[in-house]
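Single-structure report; data block below.
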Amino acid sequence: MRSRTIDTGAISATGVSMSVSSQSVNQGLIVNSAISNTVRKPPASESWTPEPLLDSEEAAAIMKVHPKTLQKLARQGRIPGVHVGKLWRFRASVIEAWIAQQMAS
């Protein structure tokens, strides 16, 4: 296993600036030594399940629009979605947040 240290100075992640003196690089995987100790796993009793993805028809039903209209909005980048092969997938929470944002503006 090959390991080396890189001096990176300041790194900005999701708008938060932080100073890092070194990073360990192991087989192309960068592990930030300054924050690796702060990342915590949920307790074993608490299981995390990701929010299921909705297909175009299910997401369009939430918005009360035709699925092709929703796909067109996603293709234009106006609404967040994931293009998986020929299919579009959406998260219900993202659809709800997008609707709230549109109503607020």
| Arg89, sole failed condition from (1) among the basic types (Lys, Arg); (2) in contact with a Leu (Cβ under 8 Å, 6 or more places away or on another chain); (3) loosely packed, with under 12 Cβ neighbours inside 10 Å | (3)
| said: Taking the condition of being at pLDDT 85 or above and either in a helix (DSSP H, G or I) or among the charged types (D, E, K, R) (or both), how many residues in the range 33-74 meet it? | reply: 19
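The values are calculated or read from the model by the stated rules, or taken from the named source; none is laboratory data. Because the structure is predicted, anything quoted here is derived from the model rather than measured. Positions of Cβ are generated from backbone atoms using ideal geometry, with glycine treated the same way; all protein chains shown enter the neighbour counts.
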